[in-house]
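Have a look at the structure below before the remarks.
The values are calculated or read from the model by the stated rules, or taken from the named source; none is laboratory data. Quick caveat, the model's predicted, so the values are computed rather than measured. With ideal geometry, Cβ positions are generated from the backbone for all residues, glycine too; neighbour counts draw on all protein chains shown. The protein model used for the area step is the full one, side chains on, heavy atoms only, and it has no ligands, DNA or RNA in it. Shrake-Rupley method; radii C 1.70, N 1.55, O 1.52, S 1.80 Å.
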Amino acid sequence: MTPSSPAPVDPALGRRVLAVSSLGHFVNDGTTFFVPVIAALLGLVRGFSPIEVTVLFVVYYVSAAGFGLFVGWWADRRGRPASLMAIGVTLLGVGLVGFSVTLAGSASGYDYPLALVSGLLTGIATSFYHPLGASLIQRTTAPEKRGLALGINGAFGSFGRALYPFLFFVVGYFLVPSDGVLLFGLVGFAGASAISYGTRSVRADERRPGAATLTPSKGSALTPAILALTAVSFVRSVAMQGVAVWIPTYLTATQGVAAGSDLGLAVTVMYIGGILGQPVFGLAANSLDRRALIGLSSAGAALTTLGYLFTGGATAEILLFLVGFFTFSAFPLLMTLSSDYVPSGSSSLANAVVFGLGSGGGGTVGPLIVGAIAAGGYAALTQGFEVMVALGLVAAFLVVLLPRGGRGAPRSLFG
């Protein structure tokens, strides 16, 4: 296990990087949760079949999960995470523009191929942010403040997930769907410009002669500690996302919540929990054992989900808020701990492995398991959630296998 390499930190630069990278997180995660809305519109407006929409989802999610490893490796090899992050957000805009052309029916008979290309580009683009944004914050923030910085940054991602669908709903009063998607594509370009401007001093340092040659080899990122953290992240994400993705369907199919404003309000309650939970856990990560916090968040999400299944009324709403509070805490906790396990020059690839393969891979598998359990009818979603609760408790236990962080890590609760 190799501790993070100490480096002088400029507080003003750290604040500027936090601001623009938080904007990038907002745009990235907002777009991520916006893509299923676009897919629904393609079926409704352009008449794409369920099979065609399914293939589009596969292209999008596979490219998002798989390309991140290359991005992390390339960022460490070339030493240019700031430059690559701006490119990634730019590609988000390009992908959304392609979707807008498809929705408008302006592709002269090539609507579906263009939709697939747009899905591929958008998926690739979303793989850029998490390893690169975390790496930038890790490099420009003092270790004792890193957890809170990552927590604030993560809260903006949760804010984007909650706000983008609502903003699209509002924009729909004034624009047709294709123009609405185009507008969000332009937001992506504006976000990329802001990131490029805000990180200009970082990018200048990235381009200085010999900067890339200072980067450790990619092997230094694939340490036993990082692989163990990836495994814990995978199990945790299977359990957490298996619940979070199916909550809207559970509410409408088994709880009788209307598929309108009532459903939107209920889901927003869960996302607000995530917006508040990330800075809280990030702040705690500055002074407490990060492994214990990962275990606490996993157990907390599992137990609040279990309570939610067997309560109703105001109590259920409070528990749904707490489900979001614990579930969406992964980014600051995982990225803070990963920075303890590798030198800064290998952080992008390490982040990509932990968050891409671990959290992203588990987030793909979890909903599939719950869907398989509920294949015979939505009433079985309760049983699917109970299985996820059990896995969440397993993830909480598995953190005892993680080694303590490197030099400068908070006091261990495990000894």
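A few comments on the model shown:
- Protein-only accessible surface order, largest first, of Trp74, Trp246 at 1.4 Å: Trp74, Trp246
- Using 0.36 nm per residue and subtracting the Cα-Cα separation, the extra length available between Phe166 and Ala390 on full extension is 77.3 nm.
- For Tyr378 and Thr254, the difference between the fully extended length at 0.36 nm per residue and the C-alpha to C-alpha distance is 43.9 nm.
- Relative contact order (%) - criterion: Cα under 8 Å, at least six apart; region: the chain: 27 percent
- Ser49/Thr311 FRET efficiency (R0 35 Å; Cβ-Cβ; nearest 0.05): 0.30
- Nonpolar atom fraction for the chain, defined as the carbon and sulfur part of the 1.4 Å probe accessible area, stands at 71 percent.
- For the chain, built as a Gaussian network whose Cα springs stay under 10 Å, the top-fluctuating residue of Thr327, Thr336, Thr102: Thr102
- Distance between the 7 Å Cα→Cβ label points at Ile318 and Ala107: 4.9 nm.
- The distance separating the Cα centre of the range 51-102 from that of the range 337-404 comes to 21 Å.
- Solvent-accessible area per residue, Å², over the chain with all protein chains present [probe radius 1.4 Å]: 40 Å²
- Sequence of Leu398, Leu42, Leu283 from largest to smallest accessible area, 1.4 Å probe: Leu283, Leu398, Leu42
- P(r) tail, the range 231-358: Cα-Cα pairs separated by more than 24 Å, 32% of all pairs.
- In this rough spin-label picture, where each label sits 7 Å from Cα along the Cβ direction, the Val365-Arg200 distance is 4.6 nm.
- Kyte-Doolittle at least 1.0, axis length at least 20 Å by Cα - qualifying DSSP helices, the chain: 11-45, 81-104, 146-171, 177-198, 224-244, 261-285, 313-327, 381-398
- Kirkwood-based shape ratio for the range 73-133, expressed as Rg/Rh from alpha carbons: 1.12
- Estimated FRET transfer efficiency when R0 is 22 angstrom, pair Ser193-Ala19 (beta carbons, to 0.05): 0.95
- Base-10 log of normalised Debye intensity for the range 116-181 (one unit scatterer per alpha-carbon) at q = 0.11, 0.13, 0.21, 0.23 Å⁻¹: -0.42, -0.56, -0.95, -1.01
- Taking 10 °C and 1.306 mPa s as conditions, the chain diffuses translationally at an estimated 74 µm²/s according to Stokes-Einstein applied to its Kirkwood radius (Cα pairs).
- Take each peptide in 90-100, 108-118, 268-278, 146-156, count the other Cβ atoms within 10 Å of every residue, and average; sorted highest first, the result is 146-156, 90-100, 268-278, 108-118.
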